[in-house]
Amino acid sequence: MPEPVEEHQHIDRAEQLARVARLTARDTQQSDERAALFFEGPADIGKSSLLFEIYERHSDQGVYFVDLSRVDGERDVLEALAMQARGQRVDVPSYRTTRGRFAEQSASTQVSFTNVRARNSAIQLLTQGEDRGLQTDALSDALLDNLMSESRRPVICLDSFEACAQPMRQWLGRKLLPNLLTRREASVFVAGRELPRLSHPYSRAVHTLVLPPFDVDAVRDWIEALGLASLQDKAVAIQQTHGGVPGLLAEFFACHIEPEAAVPARTDAHRPGAGTGNQDG
């Protein structure tokens, strides 16, 4: 989970944050309303920072953040969501409840090999794989049932999709995200250099935004927020030199030292890269 930042100030991305606000405040009765936003862009463009900002702005209504580059499998994603739910005093399903649901699902889909004499290892591996898939589906359904309610409209943030291995990508694109998008109470945000491509009809609930570099006005705002008086007249050159890429700008500002005669930068509210993030993406 991202760590809270005191007096956090996000620089730019006003258009994207306005879309986020409209999505999270949407009327759940409108079936044609978007339920998810995907943020796409190269490294250091500020995707993680944007998700951090969404996370902070919705901390009072139930928000979940999973960095997909730090998890190994589907169960890890579900466990991360469950741990955050417990931290927000949301009842999550017990093992007994989940096991019961799995038993119901597996009983209706289990294949009988009564009349099949050849029970070779290939068949055993296939059925074991199906069982693991059913177990994960049962865990996912039980968890999401508890996260959603009439009074809770959770915000789900998934970062670094490009870091997922192929099995995880398939599970996210074919299982978890469709499951979330069918639940009108949830708002979903995914970021990455690459993004899941959902099939119809789930693709209709998603809008993809490609994050552009920062313009000169955003660079000026950042300089002002950091209190870097000596750079106030150099915003155009700085923006051009670094291509408006937030990650590169963050590194430049972090290494900049104000002359002693200049007004010192504020140290109480801003870290290097505040509002854009100093993580990859």
- Query: Which of rounded, prolate, oblate describes the stretch 148-218, given a ≥ b ≥ c as roots of the alpha-carbon gyration tensor eigenvalues and a/c under 1.5 marking rounded, otherwise prolate only if a/b is larger than b/c?
  - Reply: oblate
- Query: With θ set to phi - 60° and the Karplus curve 6.51 cos²θ - 1.76 cosθ + 1.60, what are the ³J(HN,Hα) couplings of the stretch 157-171 in order, to the nearest whole Hz, using x for Gly and Pro?
  - Reply: 10, 10, 10, 6, 4, 5, 7, 6, 6, 4, x, 5, 4, 5, 5
- Item | Accessible surface of the stretch 124-226 [probe 1.4 Å, protein heavy atoms]: carbon and sulfur percent | 48
- Query: Loop-only check: which trypsin sites (Lys or Arg not before Pro) in the stretch 169-243 are DSSP coil with at most 12 other Cβ within 10 angstrom?
  - Reply: R197
- Given H placed 1.01 Å from N in the peptide plane, which residues other than close sequence neighbours of V63 have an amide H under 5 Å from its amide H? V155
- Query: All other residues with a Cβ under 10 Å from the Cβ of P212 taken together, and with Lys, Arg as +1 and Asp, Glu as -1, what is their net charge?
  - Reply: -2
- Message: Counting only other residues whose beta carbon sits under 11 Å from that of H242, what net charge do I get with K and R as +1, D and E as -1?
- Response: -2
- Note on the structure: A correct Karplus calculation of ³J(HN,Hα) over the stretch 189-200, with 6.51 cos²θ - 1.76 cosθ + 1.60, θ = phi - 60°, whole Hz and x for Gly and Pro, returns 10, 10, 10, x, 5, 10, 10, x, 10, 8, 7, 5
- Item | Around D12: net Lys/Arg minus Asp/Glu count, Cβ-Cβ under 12 Å | -3
- Message: What distance in nm lies between label points placed 7 Å from Cα along the C-beta direction at H256 and D72?
- Response: 4.3
- Whole-Hz Karplus ³J(HN,Hα) for the stretch 46-61, in order, using 6.51 cos²θ - 1.76 cosθ + 1.60 and θ = phi - 60°, x for Gly and Pro? x, 5, 4, 4, 5, 5, 4, 5, 4, 4, 5, 6, 10, 5, 8, 10
- Item | Per-pair calculated FRET efficiency, R0 = 22 Å: D91 and E56 via Cβ, rounded to 0.05 | 0.35
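Full-extension gain between A165 and S151, please, as 0.36 nm times their residue separation minus the C-alpha to C-alpha distance.
1.5 nm
The values are calculated or read from the model by the stated rules, or taken from the named source; none is laboratory data. Remember, predicted model here, so these are calculated numbers, not experimental data. Counting neighbours? That spans all protein chains shown, and the Cβs are built from the backbone with ideal geometry, glycine included. Areas reflect the complete protein model, heavy atoms only, side chains present, ligands, DNA and RNA absent. Shrake-Rupley method; radii C 1.70, N 1.55, O 1.52, S 1.80 Å.
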